[in-house]
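**Student:** Sharing a structure here in structure tokens format.
The values are calculated or read from the model by the stated rules, or taken from the named source; none is laboratory data. Quantities reported herein were computed from a predicted structural model and do not represent experimental measurements. Don't worry about glycine lacking a Cβ; one is built from the backbone with ideal geometry, like all the others, and counts go over all protein chains shown.
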Amino acid sequence: MGLNFWLLRIVTNVLRPSVLDAAKPGRMAAAIAALTLKFLLFLGLLVLLFWRVPVEGMSFAVGVTLLLVACLLEVARAELSSKGVR
């Protein structure tokens, strides 16, 4: 799952500057298509995981929640360090 968030960050960082460029109108459609494909692939892998592997749902939910909290804390830390706050 951490790999999923890392790939999402890479995709958005690569496509975001060109999406906002008005001279390249096809870039927005490419960005939407890439993110949709990535989401569908991730969702398919998640369904396959729950179908094939005996994963306890509550443990998975707690892990996902903690991963999201960790991602938010990392973003906050990076923002503060870029502004010179320790």
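**Student:** For the structure I just gave you, tell me whether Ser81 is modelled with pLDDT of 85 or more and farther than 20 Å from Phe5 by Cα.
**Tutor:** Judged against the criteria, Ser81 is a match.
**Student:** Now for a different question. Specify which of the listed residues (Glu79, Glu74, Glu56) is over 22 Å from Leu8 (Cβ atoms) and acidic (Asp, Glu). Before you say what the answer is, go through the steps one by one.
**Tutor:** Details: Glu79 fails: over 22 Å from Leu8 (Cβ atoms); Glu74 fails: over 22 Å from Leu8 (Cβ atoms).
Exactly one residue qualifies, and that residue is Glu56.
**Student:** Now, a different point. May I ask you to verify whether Leu45 is in a helix (DSSP H, G or I) and at pLDDT 90 or above?
**Tutor:** In short, no.
**Student:** Follow-up question, since we're still on this one. Pull out all pairs, ordered by first then second residue, where Cβ-Cβ is under 6 Å, the residues are six or more apart or on different chains, the first lies in segment 67-86 and is surrounded by 10 or more Cβ atoms within 10 Å (Cβ to Cβ), and the second is assigned to a loop (DSSP other than H, G, I, E, B).
**Tutor:** What qualifies is Leu67/Met1.
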